[in-house]
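See structure below.
Nothing in this text is a laboratory measurement; each read-out follows from the coordinates by a stated rule. The structure presented is a predicted model; accordingly, all values stated were derived computationally and were not measured. With ideal geometry, Cβ positions are generated from the backbone for all residues, glycine too; neighbour counts draw on all protein chains shown.
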Amino acid sequence: MDLATLRDVLVYLVGLLACFALWTFVIYWLHRFSHIHHRLNPLWWIHRAHHAEPYLREDSHPSWPTFGQYLFWLGGMRLSLDVILVMTLPLLVIAWLWPQYGIPLLVFHYFYEVFLSESVLDHNPRITGRVTRWFAWGDFHLHHHVNLKRNYGLLVCFWDDLFGTAQIPEPGSSLARIRARSERLQRSRAVASGARAAAEQSDLGSAARA
């Protein structure tokens, strides 16, 4: 590879990285704006559907996409609009302005959302430790589902670090929280089951006395 070709490659990579940085910067602020709770904020109305999903589950294992996900139907109208408005639309603008960078990023975005985002990376409670200091995966993103005022960044943690909204959870805290919630649910079910059994026994005793 001659020097001119090497220079062209480096210039292209710098441009691609700059567009990626711009894209994730816009994502960060749109996601942060989506958490302004106001009846006139349509992004909050749309984004609430994402936070209603039970991502904090121990049985959240990577799986193959459904047919709808291949078509960017991510489980519902609001769930799909959430990704399209916050992530896809800004990238389409970048692709229109700088197609040589935006089109490869659109391909990356499609494959990431369809194959990786749901439970492989973003919402995988088994991803912990140092990698979550750089990438908004696993513990880092799931902590946002616990504290809505922290960890707005998607894909990377850089903008949270820069704007003071990063909060690094203890490694494995997502799984610990999931297990604690599971234990509480099991205790609640046991109490409810015991109460039903006692009520049935009482009803049988009343019927026998009658």
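In table form, for the structure just shown:
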quantity	calculated
Cut-off under 5 Å, modelled amide H: who pairs with residue 135 long-range	157
For residue 47, net neighbour charge (Lys/Arg +1, Asp/Glu -1) across residues whose Cβ lies under 12 Å away	+1
Under-5 Å amide H pairs with residue 122, H placed in peptide plane, nonlocal only	138
Rg/Rh ratio calculated on Cα atoms of region 1-111 (Kirkwood radius)	1.08
Separation of the residue 37 and residue 5 label points, Cα + 7 Å toward Cβ, nm	5.9
Net charge over other residues, Cβ less than 14 angstrom from the Cβ of residue 36 (K, R count +1; D, E count -1)	+4
